[in-house]
Amino acid sequence: MKLWRALLPLFVLSLMVSGADAHRLKLFATLEDSTISGYAFFVGSGRAQDADLRITDANGKEVGALRTDAKGAYSWKAPSVQTYHLVANTGDGHVADTTIDAKRFAGLSANTPDTAEDDENAPAGSISAAQIERIVDAAVARQMRPLIEAYEAAEGRTRFNDIMGGIGMIIGLAGLSLWAQARRREKKP
């Protein structure tokens, strides 16, 4: 009976931990051209509708504020090439954040003028190397988005290995407790 009293709090704690994980908020963001878009979602339960989204620059100055739509999605056109920090807040204690680094804008901004060298070497009516690079970068970003989304969703899930590891830890601690109790009994006269 003493064993069950020792294991019951561990069992209850394990249930509480997995329950808390089910409501963790995550923020997915991707960059296409100069538009940052994505969605906020709860791990294992769906999208975060009508969540506040604050966008700050590298200095912490707020440069944008919007709300997620009915599907938890958002879209924001970046005014310049720099690092942006996004923070989603559902208002009930769930907060998630992510950063879009300025390096990710490389080659994606349509506002970047072609170099004079590219224009001089290109025959009339043809596309310059810089324009081709921007087109290819935009196409790759579009194709990568589903893969990045799947990775973000999978990263947030509780995995079978996590559950088995938790059960193994509980069993190990219970075994350690039983071993310590047996040692105490052996030492008593």
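I'd like the residue in the range 152-166 that is aliphatic (A, V, I, L, M) and surrounded by fewer than 12 Cβ atoms within 10 Å (Cβ to Cβ) and, out of all such residues, is modelled with the highest pLDDT. The qualifying residue modelled with the highest pLDDT is MET164. Taking the criterion of being within 12 Å of LEU27 (Cβ to Cβ) and among the β-branched types (Val, Ile, Thr), the only residue of the range 45-65 that qualifies is ILE55.
Tell me, yes or no, whether the range 117-124 has at least one residue that is aliphatic (A, V, I, L, M) and modelled with pLDDT under 80. Before the answer, list the steps.
From the range 117-124, those aliphatic (A, V, I, L, M) are 122, 124; that's our starting set.
Right, trim to modelled with pLDDT under 80 and you get 122, 124.
Scanning the range 117-124, I find at least one residue that is aliphatic (A, V, I, L, M) and modelled with pLDDT under 80, so the answer is yes.
The values are calculated or read from the model by the stated rules, or taken from the named source; none is laboratory data. A quick note: this is a predicted structure, and the numbers were derived from the prediction, not measured. Cβ atoms come from the backbone with ideal geometry, glycine included; neighbour counts cover every protein chain shown.
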